[in-house]
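Nothing in this text is a laboratory measurement; each read-out follows from the coordinates by a stated rule. No experiment lies behind these values; they were computed from the predicted model shown. Backbone-built Cβ (ideal geometry, glycine too); neighbour counts: all protein chains shown.
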Amino acid sequence: MARSESTELRTTVTDERVPAADRAPAAGPTLRAEGVALGYEGRTVIDGLDLTLPAGRITAIVGPNACGKSTLLRGMARLHPLSGGKLLLGDRDVSTMSRRELARAVGMLPQSSIAPDGVRVAELVARGRYPHQGWFGRHSSDDDAVVASALAATGVADLADRPVQDLSGGQRQRVWIAMVLAQQTDVVLLDEPTTFLDVRHQLDLLDLLTSLNRERGTTVAMVLHELNLAARYADHLVVMNTGRIVAEGDPGEVLTSDVVRGAFDLESDVVPDPVSGTPMVVPRGRFHTAR
Amino acid sequence: MASSPSITTTVPRAAGLRDAIGHLRTARRRRLGMVLATCAVALAALGTLGLMLGDSTIAPGTALLAAFGAGDAGDLFIIQKLRLPRVVAAVLVGAMFGLAGALFQSTLRNPLASPDILGIAAGASLGAVTGLLTFGLAGIAVAVSAFGGGLAVALAIWFLAWRRGLHSIRFVLVGVGFAYLCQAFMTWLLARAEEREAASALLWTVGSVADVRGEDLGVLAVGALVLTIGVAVVARTQGPLALGDDNARALGVHVDAARVTTLLLAVGLVALATSFAGPVAFVALVAPAIARRLLSDGSPALTASTAVGALLVLAADLIGNHQVFGVAAPVGIVTGLVGAPYLLWLLATNERKERR
């Protein structure tokens, strides 16, 4: 892997995002939430929120703990029932689609996934074929081809016959993403996919998602904790607080000191990221402040 | 066992990789086939042994012919009326407990979640005993009563353990409580009963396949067939369900419906088997564990558990019936002797499932 070369390239490119001509066109329709309400047993977390995930783009959702960002993503994947509003995939109301039908259009990697004891990588990834298979779930050689391409795309083909529990955290996360890819959806949602990964593997993972987005035109939307990585990798940044969107749009315009203060109750300087040119939040605490 | 080809050296070409994935899949299927074939051979061998052995030993050829209706009247009577029903009952009951255990464990994602531990087998026993002693029921009505008992316990556990989703640890702990409760009630009912009726107490506390006869066997077989067809319909959801509720939903599974259906079918299997053979201890706990180890592919191992369960109960009944260890014991005592150490081992080594 030519890591130094790519770093060098990045320092010369101020806008990290490539021109539209270099990107695959959007593979599928936009996923849109209209006036959605979500909550848990009477406690409302989100009430009347609108959000459009631009087709063929990467959207990152950031916000303080318990701001409802994960709940929103889960709601958009129908893992969590809506208590109001509606979801639209293109111009179709998602509530008119069967779960299976939705699972062929929207994939989701939730926060907690369990790999059954002893399951091998290829077998786990093959479970992503579920919504495409008929009764009794016979795998065909077409399924094998899809699984092979998902393994190759995520760089875990070498591990196909290894038990998932023997893998490192970074490898395992790639395997789960391969499973979502095997689902062959035009929209992929990920709930904090970089949690538990060290910084090198966080970057690897975000690079992987970026290449999927660019090569296949897959719409990617993810909840991220790391603001600066979110600003660097997202085409569309959504900042949330207490169940509402406080700012959204191009990261360069959205991520300002005022927005960070409003959302996170945090004083910060926002400077250009020396690598990507995207905004970089430098927080101010009570100590270690030189100026 | 079929060894799975390693593809570590043959990655790059897309077609090559696809074929390698196909090979892995075939290897997995071949391994399952091998396990099932081995179980079938062992079942045939032990079954034949079961027909041969008894007060008078009958030669294997004669015994098998008699099982299919040929031979002299004496042999026919011994084989068809005494020994064959017992062998068939052991196989059916074992298969049903094995399958039920695999369903419980995979759908609740907990190797401890077997109907023995959860009190569902005890609930079914209590249902059967109540039907027999309190309402004077007989035949299929006892089975229905056992089903009612098992289902009541399952529902009670469900409602008590449900807090914004089903947490399997709570499910197991609540179930353990119900197991004791049911056993206490059953002991009380049996203690109050007439001596003659209480003679069957052994059946309802440890389980036995010694007294399952002709028409009972028919009910058992038909019931098992119907429930197994039901299982075949929901079996497909078990793979995604094993990845967690969220993943299963994201893959398009109706998680709650799939889980309720699966548990109902599993309760049905346990109740039906229990109503004829009593709560044969630990088979539903141990058989899936053995099957999963034999396959070691992370699958719910439904068919393999069914085969292993049948084999376990048939072997245990032969051991108990023919005093292999010097004493005669009903099948449930023998399976208990195998199962209890496994349970202890499981509790001692129970590692938390890794996240991700």
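From the largest down, the range B:1-151 spans 70, 44, 20 angstrom on the principal axes of its Cα atoms. Here the relative contact order of chain B, from alpha carbon pairs under 8 Å that lie six or more residues apart, stands at 26 percent. Since only B:Ala307, B:Leu344, B:Ile78 are under comparison, the one whose Cα sits farthest along the positive direction of the charge dipole of the protein assembly as shown, derived from C-beta charges on Lys, Arg, Asp and Glu, is B:Ile78. Please give the Cα centre distance for the range A:117-176 versus the range A:251-291, rounded to the nearest Å. Each part's Cα centre sits 40 Å from the other's. Footprinting exposure proxy ranking of B:Ile290, B:Ile157, B:Ile229, fewest other C-beta atoms within 10 angstrom first, gives B:Ile229, B:Ile290, B:Ile157.
The Rg/Rh ratio for the range B:116-195 is 1.05, where Rg is the radius of gyration of the alpha carbons and Rh is the Kirkwood radius.
Loop-resident trypsin sites (Lys or Arg not before Pro) (DSSP state other than H, G, I, E or B) in the range A:102-187 with no more than 12 further Cβ atoms inside 10 Å of their Cβ: A:Arg138. Restricted to Cα atoms, chain B shows a radius of gyration and a Dmax of 21.4, 76 angstrom.
In debye, nearest 20, what is the charge dipole magnitude of the protein assembly as shown about its Cα centre with +1 on Lys and Arg Cβ and -1 on Asp and Glu Cβ, if you could check?
That gives the protein assembly as shown a dipole magnitude of about 280 debye.
Using only side-chain charges placed at the Cβ, +1 for Lys and Arg and -1 for Asp and Glu, the dipole size of chain A relative to its Cα centre rounds to 520 debye.
Below 8 Å between Cα atoms, with a sequence gap of 6+, how large is the relative contact order for the range A:43-175 in percent?
Computed over the range A:43-175, the figure is 19 percent.
Using the Cα atoms of the protein assembly as shown to build a convex hull, what is its mean projected area in square nanometres?
34.6 nm²
Report summary: the helix-based calculation at 222 nm, which adds -39500 (n - 2.57) for every DSSP H run with n ≥ 4 and divides by the residues of chain B, gives -23000 deg cm²/dmol. Helices that extend 20 Å or more along their long axis by alpha-carbon positions and average at least -0.5 on the Kyte-Doolittle scale are, among the DSSP H runs of chain B, B:14-52, B:84-107, B:140-161, B:168-192, B:214-234, B:255-277, B:302-321, B:331-349. Here the Kirkwood formula, the inverse mean of 1/r across different C-alpha pairs, assigns the range A:192-259 a hydrodynamic radius of 12.9 Å.
The convex hull drawn around the Cα atoms of the range A:110-180, when projected onto a plane and averaged over every direction, covers 4.8 nm². If both residues of a DSSP beta bridge must be in the protein assembly as shown, then about 60% of such bridges are antiparallel. Calculated mean residue ellipticity, 222 nm, chain A: -9000 deg cm²/dmol, from DSSP H runs (n ≥ 4) at -39500 (n - 2.57) each, averaged per residue and rounded to 500. In loop segments of the range B:173-258 as defined by DSSP, the GluC sites (Glu not before Pro) with at most 10 further C-beta atoms inside 10 Å of their C-beta are B:Glu194. Here the label points at A:His288 and A:Gln165, each 7 Å from Cα along the C-beta direction, are separated by 3.9 nm in the simple model. Just want to confirm a number: the relative contact order over chain A, from Cα pairs under 8 angstrom separated by 6+ residues, in percent. After rounding, I find 26 percent. Projecting the Cα atoms of B:Val334, A:Val45, A:Leu197 onto the dipole axis of the protein assembly as shown, where Lys and Arg carry +1 and Asp and Glu carry -1 at the beta carbon, places B:Val334 farthest toward the positive end.
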